[in-house]
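Just below is one structure, and these are the notes that go with it.
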Amino acid sequence: MATVTVASLHYRSMTSSFIRFLIFTLGLLGAFLLSACQGSKSERAKLEGSHETTSMFGDKVVIHAIPLTFEDPSTRILLTSSSSRTQAHFQRGLPRAMGSGLVLKPSPAGTLSFWVLSDRGPNADGPKVQGVDSKLFPLPDYAPLMGTLTLTGHDGTLSDLYPLHIKDRLLSGLPHPEGSLGATHEVPLNDRLHRLKSDPDGADPEAITFDGKDLWIAEEYGPSLFRVNPQTGQVLDLFRPGQGLPEILSHRRNNRGFEALAYDPDRKTLNAVLQSNLDEDAPFIRWLEWDPSKGLQREYAYPLSPADYKKDNPGEAKLGDMAALGQGLFVVIEEGKDAEGRDRHRLMLVDLNRASDIHGMEGLESLSDDPERVSAYQAIQPLSTVRLLDLEQAGWTLEKAEGLALINEKTLALTNDNDFGLESSLIDNEGKILKGHRHACSLEEDSVSERPTLSGKKCPKNAQDIELVPSSKAAAEQVVWTLTFERPLREYFNKSLTP
């Protein structure tokens with residue numbers, strides 16, 4: 001008969017406990033990995049295929065997500081004039097970025113097409129130049145484009161791509177010279193970190209709409225409005241602050257000019273909205289209702305809730321784009337970082353009716369400087385806004401929601417700007433990517449060689465250069481959502497409905 005000692009019993013007990021602990025741990029790990037995998041698949045499923053969500057009113061919204069692959073090589077942007085390093089990173093060229101603006105295009109029955117818009121072109125953050133931020137433009141001759149996007153069930157095709165031009169001159173996307181109307185206080189550099197010339201006529205298109213005859217494009221630098229020939233991309237008329245538009249719009253914050261534009265077919269007016277408030281502390285964003293044929297200019301206050309944003313700062317709020325429902329009713333994308341620093345995107349219902357006209361009321365934004373201005377703002381009636389849909393809760397995971405269009409009375413189309421799938425990174429002398437922001441480094445002013453000199457107290461000591469590299473696959477993707485609501489969108493403005 002075998003002898004079982006206390007030590008052996010203790011050993012077996014320990015071994016048994018260890019095995020149970022190992023099985024338990026592996027089970028937890030497996031569950032975690034399965035959950036992560038399912039979460040990843042779930043997130044991916046919401047960027048392709050169909051799913052359902054619930055509006056803030058409690059009814060169903062059916063979402064169909066279409067990733068735009070644009071696999072046709074003709075849709076890629078070749079970098080033949082860029083540095084050899086940039087070309088090596090993008091051997092197939094850059095993906096198209098046609099999500100800055102979106103509006104329904106009249107098409108034959110059974111075809112769903114939109115006019116779409118690029119912004120100023122491929123660019124990324126560069127170093128400081130004499131204390132001023134810079135942008136890298138690997139294709140300085142890039143001309144902003146408009147085109148046609150046709151959805152084909154599970155994909156989309158691009159056609160009729162036209163560069164924006166005035167007469168025979170192509171527009172560029174380069175920033176305006178310092179001190180001029182529309183200047184953004186950015187130094188343009190190429191991807192070799194050499195200075196480029198600024199362009200007083202440069203354009204940064206961000207929104208597009210159709211008035212039944214002509215296209216209208218809102219651009220961010222001026223900010224400006226262009227009347228454009230839909231068949232050619234020719235700019236027929238150009239309106240700027242003090243030149244057909246209210247002068248106060250020239251005081252927009254850097255890179256916070258016009259971002260949203262829509263034509264109201266009932267009121268027969270264009271509606272253009274700044275991306276953010278003129279003053280970071282102001283609790284509203286300026287909204288322009290405009291009819292150039294009648295000389296009509298009305299301005300409204302789109303109200304902001306500081307508590308919705310990081311550090312209770314209304315300056316974090318941005319408006320992405322909007323769609324007109326008629327009769328002074330709109331759906332608007334409102335976005336920004338919330339109190340926890342997370343990106344938030346919401347669809348908001350906006351009603352212009354009964355709002356106060358603040359045209360000519362300058363100084364309202366600087367409320368902290370003058371008690372009389374506080375009283376003046378409190379006396380006005382801002383636009384009525386109600387939240388329609390939380391896009392993150394609906395499965396939206398992309399950073400920039402910049403295109404919104406009305407398809408029919410119940411359905412919207414939404415798309416994102418993929419920034420041409422590139423970003424900039426600091427690198428060392430071996431080409432390894434370093435942590436740190438590009439603006440933390442300064443470019444030596446006399447640097448003209450292929451190996452520029454970077455310096456700065458917060459610049460990594462081993463930073464040798466800045467390269468343009470591909471952004472993440474998710475960030476480089478453009479997706480179109482169609483969102484179909486249970487009821488006509490105008491019905492959500494009914495006073496009896498409570499979100």
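Structural remarks
- DSSP loop GluC sites (Glu not before Pro) with at most 10 other Cβ within 10 Å: longest gap in the chain: 72-339
- Computed E for Gln327/His437 - FRET, C-beta separation, R0 60 angstrom, nearest 0.05: 0.85
- Label-zone membership for the range 389-414, site His51, 7 angstrom Cα→C-beta point, backbone N under 13 Å: 391-398
- Inter-centroid distance (Cα atoms) of the range 101-147 relative to the range 152-220, Å: 6
- Between Gly320 and Ile333, Glu334, Glu335, the built amide H atoms are under 5 Å apart, and every one of these is 5 or more places off in sequence or on another chain.
- Every helix of 4 or more DSSP H residues in the chain counts as -39500 (n - 2.57), and over all residues that averages to -3500 deg cm²/dmol at 222 nm.
- Distance between the pseudo-spin-label points of Asp390 and Leu296 (7 Å out from Cα toward the beta carbon): 3.7 nm.
- Inter-centroid distance (Cα atoms) of the range 406-421 relative to the range 286-347, Å: 17
- For the pair Lys197 and Ala88, label points projected 7 Å from Cα toward Cβ lie 3.2 nm apart.
- All aspartates and glutamates inside 13 Å of Lys461 as judged from Cα atoms, apart from same-chain residues fewer than 8 positions distant: Asp428
- R0 of 25 Å, Cβ-Cβ distance Lys268-Glu409: FRET efficiency to nearest 0.05: 0.85
- Computed FRET value (nearest 0.05) for Lys311 with Asp125, which takes r as the C-beta separation and R₀ as 22 Å: 0.45
- Note on Arg286, Arg490, Arg354: ascending count of other Cβ atoms within 10 Å places them as Arg354, Arg490, Arg286, the fewest first.
- Degrees between helix 6-45 axis and first principal axis of the chain (Cα, 0 to 90, nearest 10): 20
- The chain: relative contact order in percent, alpha carbon pairs under 8 Å with at least 6 residues between: 15
- Fraction of beta bridges assigned by DSSP in the chain that are antiparallel (%, nearest 5): 95
- Gain in span if fully extended, Ser74 to Val132, counting 0.36 nm per residue against the direct Cα distance: 17.2 nm
- In whole percents, the pair-distance distribution calculated for the range 152-240 from its alpha-carbon pairs, binned every 10 Å from zero, is 16, 41, 29, 13, 2.
- Segment Asn429-Asp357, extension gain: residue separation times 0.36 nm, minus the distance between their alpha carbons: 20.1 nm
Every number in this text was worked out from the coordinates using simple rules, so none of it is lab data. Just so it is clear, the structure is predicted and the values come from calculations on it, not from any experiment. Virtual Cβ from ideal backbone geometry, glycine too; neighbours counted across all protein chains shown.
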